[in-house]
Every structure is written in C-alpha cells, then in structure tokens.
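First up is the structure itself, then whatever we jot down about it.
The values are calculated or read from the model by the stated rules, or taken from the named source; none is laboratory data. Quick caveat: nothing in here was measured; it's all calculated off a predicted structure. In this analysis, Cβ positions are derived from the backbone assuming ideal geometry, glycine residues included, and neighbour counts consider all displayed protein chains.
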C-alpha cells in the first residue's frame, strides 16, 4: 500500500509541474483552437443544411489525417522529455528508489495520455455547444456530411471534417466517443513509452521524438487515399486512433478492434518492462543530471 | 569501529575517463568526513555512487551495512544535497517538502516545519521557491535532507550561495547534527569549513582518493 502511494505521489509530482510548463499551455491552446475551428466548420455546415450540429463529434474530430497529425504531434512535445528527469527528481529517487521512481513515471505517461485526450473531448463538446442540439443521438448533420464528404469540402473553406457513415451505423454517440478515447489513450501511452524507451536506451532525447514523429507521419501516408497503402494500416498503431480505421464486425480489411487493443497492450507491457529493467541496471546520471 | 560508509576498490569509468580510480573510503559513524579536491576530481561522482545513482564499474560500496546495488538500490536513511537543489518553483517551501515527505512517508507536518525552521526559513511563508535567493534554496535543500531524520547526510557543496551568517548557521547546524550522532560526508572547496567541521579529511585528485587527516 505504501509502495502504491509512493508511486502515485511521484506521478502526481509531474502533473504539478504543468502549472508553470509553457509547453502544456501552448499545447492546450493549440488543441482548443483545433476543436474551435472544427466546431465552427460544423456550425457553418449546419447553417447551410438547415439542421443542428451535435455535441458528439469527438469520434470524427481527428478522422482527417491532417488533423490527426496536428493533434498527435503535441503529444510528442508533451512526452519528449520522458522519463521526465530533472534536478527535483534527485530528491525523489533518493527517497523512493529507482524502481518506484520509474514506475511513477510510467503511470504518469499513461495518465498524461488520458488527460490529453479527455481534454480534446471536453474541448470538442464545449466548442460545439453554440451550434449543437442537446441530444444523445447523432442528429441530422453528421449523417448528411457522411454521405456528402466531397460536397461539404466545397461549402466550408479549409474544412477537414471527415465523417464515416460506418461509424454512425455501428456505434451510438457515447460508445463511439468511448472507443475513440480508449484507442487514442492507448496510442498516446504507446507513443510516450516509445519516446521514454529510446531516451533511456540512447541517452539522446531527439531519437525518441524522431521515432514517434516518424510513426505519426507514416500513419498519414498509410491513410492517404489513392496510394494503395491501406493494407499496411495494421502495422501503424497511430492510424487506429479513429474508428474509421478499425474493423467492427468483419466488414472491412482494416485490423479488428480486438487486434488493435491486443497490440497496444502488448506494446505497453513490452516497452514498460524494457524501461524498468534498463533504469534498474543503468546509470541515472545522464537521465537525471 | 562502526562505519556508515565503506567503499572498497571502487572504480567508475566513463568511456575514456576513469572518474574513480580504486577508491577506498571509510567514514566512521557519528563523524564528519570532508572531501576536498579540484573541480572534476571525482568528488560528485563518488557521492552519486554512494547514493546509488550510478552503478560502479568495479568495487563495492556498503552504506549502513547494506551493499549498494546488491542489497538495496538506494541507501536507506540518507539525506542528500548534490549540486543545486531542484524544487518546484511555483510552490512554497512547505509544499515542496510536503510533496517529498509524502513519497517517503517518513516525515509528518511537525517534522517538516521543524526542518524548515531549523535552517532559518519560515514554514508559514507562502513565498514561492522560484523567488528564493540561491542561499535560501540551499537552506531549503538542507531542510529537505534532514526532515526525515536520516542517519547519514551526503552534502555536496552545501555552503554554495550562503552569506557569512548563513555559513555560520550551517556550520553550527552540522556540528549539532554530529553531536546527535549523525554521520556526514561533505564536499567543499572552503578549507575553513573543512578545518572547522571535519574529523577526517580526504582529497580527490584525478579520481584517486588519499586520506589527509
């Protein structure tokens, strides 16, 4: 019990640092702006079609690969200094020991990823409020957009909203929001762990960020229509953060939902084990000081 | 004779640089041992190895009877100041120490307040640590090192940034800790500090340690 308490305290210590970390404020402003812009576009489309928008467009908020890249890169910025070692951590390590310290950092990566996507969800709901109807249904606008994706791009300038009809058919709004959040959260955790693993293995912070950035950009290529790389999406975890790239009920060639969850969990377990073993046996000098 | 720290044939190699070269060190329990030497001589590396922050290339270090890296990851009951103390700038002194005390679970509110008071700071002050002078941060660093009442203190340049009165207070406080049976390993460039405080003095030079007194 005392051990769990120590690990949680270490994790919370990192969250406390957000208050004066300019990166966090920049990221929050950027994500809010992206959601605000999306909601404004939806509002414009709603006016054009004479229907109300919905509060639940979070599952489609980053379905366009342009937005997916814009939304995922700030996560790399948030995680780039993993395992978040600074002079304050010297005091923590000498109290908790290496193993508890790194476990605290791993839990922090998981928690930060969850908060990150919950923030996007909250922004998407708040910014949609002026244009939306308060209902637990998809409403009239999203189905209209789903069947006119090409046309809507001509109605709203810089419109990056993509709506999948398959998602509308297979999920209720709340279940779509939950599953999108779950996949995004796991993906964010995996990206954070990849950055952390590279940072502790190579002692060079740019390598972890470079690999995570490469995975994000690669997902953009895999999702590009017309390039014929769709079949490789099963090797691109970043692509699985939206439900249009995940198969439900064997209707598409995309990886199944269970495949995605299993791969995410396997990656989290393997990367966490690697990081813990590495930190236990290596010098903390380069990470901490 | 009881020893709080026993280092035997300790070597630490960084690529081409042998930072610690067959270091043997014994620090008697309840004494103050001074570590002197030029910048880059290996004092801080030795202290980090004793704290378990760096694995040794060879040799072994025993702290309070436990071998670092084999019996324990990090020595138990040790207070540390190495280099500039790092605190959360947007929180008060008390909050900073409370966060650390929550992790160890070894110091209650009274102990934290007493530690802050004992180094001449105000535990009730709401002033953020970011607004502290270097000397005040150094004092707070000592407070965090002593708040859990550790048996051993490892202090790397604890007088850094302190004014004349601050140095006097710190010396008095360290001697008081010694009277209370604490063991202290202190690195300093000040010969005056070393002369006044230390029972034993060792010098580091290019990774080699020699006993002066």
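Listed residues A:16, A:95; which is at pLDDT below 90, in contact with a helix residue (DSSP H, G or I) (Cβ under 6 Å, 6 or more places away or on another chain) and either within 13 Å of chain B (Cβ to nearest Cβ) or farther than 30 Å from residue B:155 by Cα (or both)? Walk me through how you get there before you give the answer.
Values: A:16 fails: in contact with a helix residue (DSSP H, G or I) (Cβ under 6 Å, 6 or more places away or on another chain).
That would be A:95, the only listed residue that is at pLDDT below 90, in contact with a helix residue (DSSP H, G or I) (Cβ under 6 Å, 6 or more places away or on another chain) and either within 13 Å of chain B (Cβ to nearest Cβ) or farther than 30 Å from residue B:155 by Cα (or both).
Search segment B:112-141 for residues being within 14 Å of chain A (Cβ to nearest Cβ) and farther than 21 Å from residue B:168 by Cα, and hand back the single one that is surrounded by the fewest Cβ atoms within 10 Å (Cβ to Cβ).
Only one residue tops the list, namely B:131.
Kindly indicate whether any position in segment A:49-58 is within 15 Å of the chain's Cα centre (by Cα) and away from chain B (no Cβ under 14 Å). Give the derivation first.
Here is the first cut: in segment A:49-58, the ones within 15 Å of the chain's Cα centre (by Cα) are A:58.
When the remaining residues are screened for being away from chain B (no Cβ under 14 Å), the result is A:58.
Yes, segment A:49-58 contains a residue that is within 15 Å of the chain's Cα centre (by Cα) and away from chain B (no Cβ under 14 Å).
So if I check each of A:272, A:239, A:219, which one is in contact with a helix residue (DSSP H, G or I) (Cβ under 6 Å, 6 or more places away or on another chain), under 21 Å from residue A:169 (Cβ atoms) and either modelled with pLDDT under 90 or crowded, with 18+ Cβ neighbours inside 10 Å (or both)? Even if it seems obvious, please write down each step before you answer.
Numbers: A:272 fails: under 21 Å from residue A:169 (Cβ atoms); A:219 fails: under 21 Å from residue A:169 (Cβ atoms).
Criteria check complete, one pass: A:239.
What number of residues in segment A:222-254 are closer than 19 Å to residue A:162 by Cα and touching a strand residue (DSSP E or B) at 6+ places or on another chain (Cβ under 8 Å)?
4
Given the conditions (1) under 30 Å from residue B:11 (Cβ atoms); (2) at the interface with chain A (Cβ under 9 Å from one of its Cβ atoms), which single one is not true for residue B:148?
(1)
Could you check segment B:1-111 for strands (runs of 3 or more DSSP E) lying wholly inside it with 1 or more residues that are more than 30 Å from residue A:12 (Cα to Cα) and within 11 Å of chain A (Cβ to nearest Cβ)?
Details: elements: B:3-14, B:17-28, B:32-37, B:58-63, B:78-81.
Hits in segment B:1-111: B:3-14, B:17-28.
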